[in-house]
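Read through the structure below, which is laid out as structure tokens, and then see the notes.
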Amino acid sequence: MLAFLLPSAIPLAMFTLYPMIGALWTSLHEWNLLAPMEWVGLDNYVHLVQDPDTQRAFGNTFYYLVGYLPIVYVGGLALALALNQRIKGRNLLRGVYFLPVVTSWIVVALVWRWLLNPSVGVVNAVLGAFGIDGPGWWTDPAWAMPSIILASAWKDLGFVMIILLAGLQAIPQELYEAATVDGAGPWRRLLSVTLPLLSPSTFFVVVISLINGFQVFDQVYAMTGGGPAGASTVVVQQIYDLTFRYGAAGEASALSWMLFLLVLAVTVIQIVGQKRWVTYA
């Protein structure tokens, strides 16, 4: 049995477990990537907890999650419900909506940076046609994070749609027929049949989206670089800056482990809590 596990266990140990242990060891040192490491114990963790920039990065990350998760789930559910109907060209539409998922994040971020350009962007041009003064989007501290949330939700809608669509197709049609016979309307069928039986797919989507959301970086780096004035700096951006801009690899490793433990705790809470609301039929 062990021989069958080796092809997966060896890469896992080399490219996941070993780097994690190395990062944990580095987090206990002060290191600028060039000079020898200097042991500092838990000082890096203490400094990060007290650092206003780190607190702001975690705050921005939670802001991103609070805005991103409802949009991507509700939008993905709406698409899944619509494309689960017998409509003409639905297979083509499924492919079109899924296309952004397989598109490079850098490409998507640059396209949305152009669309949300305050001066020449399409979005503000459309708003202006209706007499609405468009915001500064990624150039405005108040709108930088909403810009990233909008681009992220647009890209990930197709992924959520596919997962929820698979869940919808697994629901027996007999249940809908029985609910209809009992006098249930569309909304009652959605609330009493669809959502409860879709809860396993919803659970998967929420867990994956939260894990990915905590690690948001590509779109931030390409659209705003963490600015303006740090308004969109997230945790992974902070890790990047600590390592490659400030030469503080020890603090960056400590912050990586803090993020890992946070994601682990949130995931464990969700796994334990699923017993209360996930229905496996």
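For this structure, a couple of remarks:
- Peptides 139-147, 9-17 ordered by packing proxy, namely the average of other Cβ atoms within 10 Å per residue, highest first: 139-147, 9-17.
- Helix-derived mean residue ellipticity, 222 nm - over the chain, DSSP H n ≥ 4, -39500 (n - 2.57), to 500: -21500 deg cm²/dmol
- Along the chain, longest interval not containing exposed trypsin sites (Lys or Arg not before Pro), exposed being DSSP loop plus at most 13 other Cβ atoms within 10 Å: 89-244
- Estimated D of the chain in µm² per second, where Rh is the Kirkwood radius over Cα pairs and Stokes-Einstein applies at 10 °C, 1.306 mPa s: 73 µm²/s
- Residues whose amide H comes within less than 5 Å of that of Glu30, counting only those at least five positions distant or on another chain, are Glu38, Trp39, Val40 (H built at 1.01 Å from N in the peptide plane).
- As a fraction of the 1.4 Å probe accessible area of region 122-281, surface on carbon and sulfur atoms comes out at 66 percent.
- Phi angles across region 230-240 convert, under the Karplus curve 6.51 cos²θ - 1.76 cosθ + 1.60 with θ = phi - 60°, into 3J(HN,Hα) values of x, 5, 10, 5, 10, 5, 5, 4, 5, 4, 4 Hz, Gly and Pro given as x.
- Per residue accessible area of the chain, 1.4 Å probe, in Å²: 57 Å²
- Separation of alpha-carbon centers, region 1-50 and region 154-210, rounded to whole Å: 41 Å
The values are calculated or read from the model by the stated rules, or taken from the named source; none is laboratory data. Values in this document were obtained by computation on a predicted structure and should not be read as measured data. Cβ sites come from the backbone with ideal geometry, for glycine too, and all protein chains shown count toward neighbours. Heads up: the accessible areas ignore ligands, DNA and RNA and are worked out on the full protein's heavy atoms, side chains in. Shrake-Rupley method; radii C 1.70, N 1.55, O 1.52, S 1.80 Å.
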